[in-house]
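Reading through the structure tokens given below for one structure.
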Amino acid sequence: MITDLGVVGEDPAAPASPPEPRPRRSGLRRRILIGAVVVWAVAITAVVLFRGDGDDPQAVPPAPAPSPSASDAPLGVADVYQTLLPSVVRIEASGEGRANDESAIGTGVIVNADGTILTARHVVAGADAITVRYADGGSAAAAIASEDPKQDIATLRPQKLPETVVPAALGGGVQVGDDVVAIGNPLGLTASTTDGVVSGLDRAAKGEAGAMTGLIQFDAAVNPGSSGGPLINDQAQVVGIVVSLANPTDAGTFIGIGFAVPIGAALGGGDGNGDGRGPPL
């Protein structure tokens, strides 16, 4: 029989039995931690032994060999053009002093931080007014600073410089077969570019003031308006100044032979006694 106090037959005065103790978790955690430490130690030891084995050539991969800088590689025509374009100017010369009172369009290249422009002398010879137009769209009047009739070279001093002056890099000698690029304003077509190779060296051609010698022969297309423009190598360095082309018909158009004064001669002057044929552009 069940009463309000407990179960029949149970001694109410007897003390209650103590509850069973809960299992302790701290011992289990300790065992897990110790096991993890042991595994970690074994792994580290294995790695150290593996890397320390000098007989295994795959243990430590060799460091990569340095590769040549991209700037040492030859540049493409597009890269040469973009590099030189800020240095190239369009030249417009006019005046009664010119033959037949004609205006001339030519090309020049900035070769100094002070804005000095190198060009072909016949582009500006006898001009009463010279205007240079920069690649950024600006323009300025210019005056002849120096002339070398024998090499058909002149330098111009502009009255106003572009917002950013970018002198062209000047290069050294070239060899037959070297790639070259010409930038100019042929037939008035502003900032045109062509490419070709050096076809010959130490050529002679006829200029307005007589024969010119020591010229670079090239086959990048040039036409009237290209005169005074830069001939550029594949490192974007100016190696010559375009001065003339050869055409046995006297038509004054390009048939595959152009001439440039080497940059060293253009800067330092020179002479020659050749009798080659090359109508000035």
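Worth pointing out:
- About the centre of its Cα atoms, region 86-158 shows a dipole size close to 180 debye [charges on the beta carbon of Lys, Arg (+1) and Asp, Glu (-1) only; nearest 20 debye].
- The Cα-based radius of gyration of region 179-268, divided by its Kirkwood radius, gives an Rg/Rh of 0.93.
- Cβ-defined net charge surrounding residue 144, 12 Å radius [Lys, Arg +1; Asp, Glu -1]: -1
- Fewest-first ranking of 84, 231, using other Cβ atoms within 10 Å as the exposure measure: 84, 231
- Highest average first, the peptides 176-189, 205-218, 242-255 ordered by how many other beta carbon atoms sit within 10 Å of their residues are 205-218, 176-189, 242-255.
- When every Cα-Cα distance of region 86-158 is counted in 5 angstrom steps from zero, the calculated P(r) takes the values 4, 19, 31, 26, 14, 5, 1, 0 percent.
Here, each number is a calculation from the coordinates, and none is a lab measurement. Remember, predicted model here, so these are calculated numbers, not experimental data. Don't worry about glycine lacking a Cβ; one is built from the backbone with ideal geometry, like all the others, and counts go over all protein chains shown.
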